[in-house]
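Take a look at the structure below.
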Amino acid sequence: MLDGFDLGLGTLFPFLTRGETDKRVLINTMGPFWDGNEVWLITAGGVTFAAFPRTYAVMFSGLSFVLVFGVHGLLWLATRSEGELQARAGAMAKGLWLAEALLAVVFLVMTWFSTPLWRNVLAKPYLLPLPLLAVAGLLAARAWMGQGAWWKAWFASSALILGTVLFGVAGLFPNLLPSSLDPASSLTAFNSASSPLTLKIMLGVVLCFLPVVIGYQLWVYLTFRDPVNADSIEREPAY
């Protein structure tokens, strides 16, 4: 939900900007948040390694080529974003949008599974609200964007992403990496999990530190909640 903000803004950067001021507005809008948003991406990799080491090994080995592109995209994003916050935004369209588009493609490739997602959902009707939540979020986001109700549109977009991800998880369960050759060879939440002790320790760590992470990100969003526009850019060029 948070990283999509960066990926969408960066990918559309060349098409939403018509001058130096427009570029600076978009850069400063994303500037205080993008690196904090990426924390969740790094956390996801670390949690996968600790909780499902076999899945982590197979996924990072089989998709190593894609992941290398993803890492390069992150590095490019960091150098472009932080560098341009210290200088002019003119070169932004030459690098930021490509880095963001590259990361978006990486996510699409990594989430492409040839598996009957609807099988589990249709077998358990109580899971049907998940895809319905995604559809409702998509329609609501478009409607509220047309009205200029940006906070409502953001929450609707979050509902779309949340519904889509949970639908994918529910549709795959218990599989994590389905095998296209033999279903018995699929990596599941059970045959690739760490020991019970490891999972208990991880649960304790998550319960202790997750509220802290959410708290500081909430603080950042509240601190920089004021809209960024041409007037604010002229008053203070850097965030």
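The values are calculated or read from the model by the stated rules, or taken from the named source; none is laboratory data. Small disclaimer: the values here were computed from a predicted structure and weren't measured. All Cβ positions, glycine included, derive from the backbone under ideal geometry; neighbour counts span all protein chains shown.
Within segment 203-239, restricting attention to residues that are farther than 24 Å from D35 by Cα and modelled with pLDDT of 90 or more, the residue that is farthest from the chain's Cα centre (by Cα) is G204. Take P227 and tell me if it is within 30 Å of G8 (Cβ to Cβ) and in a loop (DSSP other than H, G, I, E, B). It is true that P227 is within 30 Å of G8 (Cβ to Cβ) and in a loop (DSSP other than H, G, I, E, B). Set side by side, the residues L181, L176 differ, and just one is at pLDDT below 90 and in a loop (DSSP other than H, G, I, E, B), which is L181.
Here is the figure for segment 120-158: residues that are closer than 21 Å to R225 by Cα and buried (at least 18 other Cβ atoms within 10 Å of the Cβ) total 5. Based on this model, can you work out whether F5 counts as touching a residue at least 24 places away in the same chain (Cβ under 8 Å), in contact with a helix residue (DSSP H, G or I) (Cβ under 9 Å, 6 or more places away or on another chain), in a helix (DSSP H, G or I) and within 26 Å of G163 (Cβ to Cβ)? So F5 fits the description; yes. Residues in segment 150-177 that are touching a strand residue (DSSP E or B) at 6+ places or on another chain (Cβ under 8 Å) and either over 23 Å from A134 (Cα atoms) or touching a residue at least 24 places away in the same chain (Cβ under 8 Å) (or both): N175, L176, L177.
Meeting the requirement of 2 or more residues that are in contact with a helix residue (DSSP H, G or I) (Cβ under 9 Å, 6 or more places away or on another chain), modelled with pLDDT of 80 or more and hydrophobic (A, V, I, L, M, F, W, C), the helices (runs of 4 or more DSSP H) wholly within segment 21-117 are 34-51, 53-62. Screening T223 against (1) hydroxyl-bearing (S, T, Y); (2) more than 28 Å from W151 (Cβ to Cβ); (3) surrounded by fewer than 12 Cβ atoms within 10 Å (Cβ to Cβ) leaves a single unmet condition, (2).
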